[in-house]
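J.: One structure, as structure tokens, below. Some questions next.
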């Protein structure tokens, strides 16, 4: 838990720098386009305090941030909690956001199962993650063993899809973002904004990050009639006895 806490703290600190803010800006822009037509009452973000502004993209009336870090900004309701056992009842949330949170944990699949547990039938889960097959992935491998700009382990998008399928979630939307190289120089990074359009058109698989949106499957309510092929133990069918006539 201490290792996870340090990773989330480093991540929260990195999001305050220029490159971290650019990641938040790109993800918030996608969320605005996704959630403007979504309806529901309750949304939950599992992440760090710096990511709470992602919830502003939701039109839902009630939303909360869940994080092991103390949220000093009280603009959005927050709950201080670990990620492996969420203090929320099963099936009561319309939307769960996981912006790179899985990459910060030792057991990301356990968190994803917990997140899926609290989603209502037909509710949604949105996951952001960094793409290994990108300029961002190359920089992470190049910086291996050195001081990393951002913490966490990249998780393959197919792995996330497999975990969602195991939790009975079906993929509804997928997109890539962050096609520009991860540069710390803010002004030069803004000048390369045209690369985002080029990447979406011609290099859609090589974005620095991915977004996955999935929906919880509903439980079928149609009863299934069973046809027994074997007689139950202790039950004996009544066999009509033949009538015996005795001739006089």
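The values are calculated or read from the model by the stated rules, or taken from the named source; none is laboratory data. If you're wondering where the values come from, they're calculated on a predicted model, not measured in any experiment. Every residue, glycine as well, gets a Cβ built from its backbone with ideal geometry; the counts of neighbours run over all protein chains shown.
J.: Look at residue 97 and say whether it is closer than 17 Å to residue 26 by Cβ, in contact with a strand residue (DSSP E or B) (Cβ under 7 Å, 6 or more places away or on another chain) and either modelled with pLDDT under 90 or part of a strand (DSSP E or B) (or both). Step through it out loud before you land on a result.
T.: On the way: closer than 17 Å to residue 26 by Cβ: yes; in contact with a strand residue (DSSP E or B) (Cβ under 7 Å, 6 or more places away or on another chain): yes; either modelled with pLDDT under 90 or part of a strand (DSSP E or B) (or both): yes.
Yes, satisfied.
J.: Output the residues belonging to the range 190-217 that are surrounded by fewer than 19 Cβ atoms within 10 Å (Cβ to Cβ) and modelled with pLDDT of 95 or more.
T.: From the range 190-217, those surrounded by fewer than 19 Cβ atoms within 10 Å (Cβ to Cβ) are 190-198, 200-206, 215, 217; that's our starting set.
215, the sole residue that qualifies.
J.: Run residue 143 past the list (1) surrounded by fewer than 17 Cβ atoms within 10 Å (Cβ to Cβ); (2) over 17 Å from residue 14 (Cβ atoms) and report the number of the one that doesn't hold.
T.: Of the numbered conditions (1) surrounded by fewer than 17 Cβ atoms within 10 Å (Cβ to Cβ); (2) over 17 Å from residue 14 (Cβ atoms), the odd one out for residue 143 is (2).
J.: I'd like to know if the range 110-126 contains one or more residues that are in contact with a strand residue (DSSP E or B) (Cβ under 6 Å, 6 or more places away or on another chain), over 15 Å from residue 216 (Cβ atoms) and surrounded by 14 or more Cβ atoms within 10 Å (Cβ to Cβ).
T.: no
J.: Can you tell me which residue is surrounded by the most Cβ atoms within 10 Å (Cβ to Cβ) among those in the range 28-46 that are in a loop (DSSP other than H, G, I, E, B) and at negative phi? Before the answer, list the steps.
T.: Initially, the range 28-46 is screened for residues in a loop (DSSP other than H, G, I, E, B), giving 36-41.
Next, only the ones that are at negative phi stay: 36-39, 41.
Details: 36: 10, 37: 7, 38: 17, 39: 8, 41: 13.
Out of the qualifying residues, it is 38.
J.: Consider residue 81 carefully, then state whether it is over 13 Å from the mean Cα position of the chain (by Cα) and touching a residue at least 24 places away in the same chain (Cβ under 8 Å).
T.: Values: over 13 Å from the mean Cα position of the chain (by Cα): yes; touching a residue at least 24 places away in the same chain (Cβ under 8 Å): no.
Criteria not met by residue 81.
J.: Return the pair list, or none, for Cβ contacts closer than 9 Å from residues in the range 162-177 that are in contact (Cβ under 8 Å) with a residue 12 or more places away in the chain and on the phi > 0 side of the Ramachandran plot to residues that are assigned to a strand (DSSP E or B) and surrounded by 13 or more Cβ atoms within 10 Å (Cβ to Cβ), at least 6 apart or on different chains.
T.: Final answer for the pair search is 168/216.
J.: Right, residue 181: assigned to a loop (DSSP other than H, G, I, E, B) and surrounded by fewer than 16 Cβ atoms within 10 Å (Cβ to Cβ) or not?
T.: Numbers: assigned to a loop (DSSP other than H, G, I, E, B): yes; surrounded by fewer than 16 Cβ atoms within 10 Å (Cβ to Cβ): yes.
Yes, satisfied.
J.: Restricting the first residue to the range 123-149 and requiring it to be at negative phi and modelled with pLDDT of 85 or more, which pairs with a second residue that is part of a strand (DSSP E or B) and surrounded by fewer than 14 Cβ atoms within 10 Å (Cβ to Cβ) meet a Cβ separation below 8 Å and a spacing of at least six or different chains?
T.: Every condition considered, the pairs that remain are 124/172.
J.: Condition check: in contact with a helix residue (DSSP H, G or I) (Cβ under 8 Å, 6 or more places away or on another chain), touching a residue at least 12 places away in the same chain (Cβ under 8 Å), under 21 Å from residue 123 (Cα atoms) and surrounded by 18 or more Cβ atoms within 10 Å (Cβ to Cβ). Does residue 99 satisfy that? Full working, then the answer.
T.: Numbers: in contact with a helix residue (DSSP H, G or I) (Cβ under 8 Å, 6 or more places away or on another chain): yes; touching a residue at least 12 places away in the same chain (Cβ under 8 Å): yes; under 21 Å from residue 123 (Cα atoms): yes; surrounded by 18 or more Cβ atoms within 10 Å (Cβ to Cβ): yes.
Criteria met by residue 99.
J.: What are the residues in the range 52-71 that are within 23 Å of residue 7 (Cβ to Cβ) and in contact with a helix residue (DSSP H, G or I) (Cβ under 7 Å, 6 or more places away or on another chain), if any? Step through it out loud before you land on a result.
T.: Of all residues in the range 52-71, those within 23 Å of residue 7 (Cβ to Cβ) come to 52-55, 64-71.
Those that are within 23 Å of residue 7 (Cβ to Cβ) and in contact with a helix residue (DSSP H, G or I) (Cβ under 7 Å, 6 or more places away or on another chain): 53, 54, 65, 67, 68, 69, 71.
J.: Test residue 187 against the criterion of being over 23 Å from residue 4 (Cα atoms) and either modelled with pLDDT under 90 or assigned to a loop (DSSP other than H, G, I, E, B) (or both), and give yes or no.
T.: Values: over 23 Å from residue 4 (Cα atoms): yes; either modelled with pLDDT under 90 or assigned to a loop (DSSP other than H, G, I, E, B) (or both): yes.
In short, yes.
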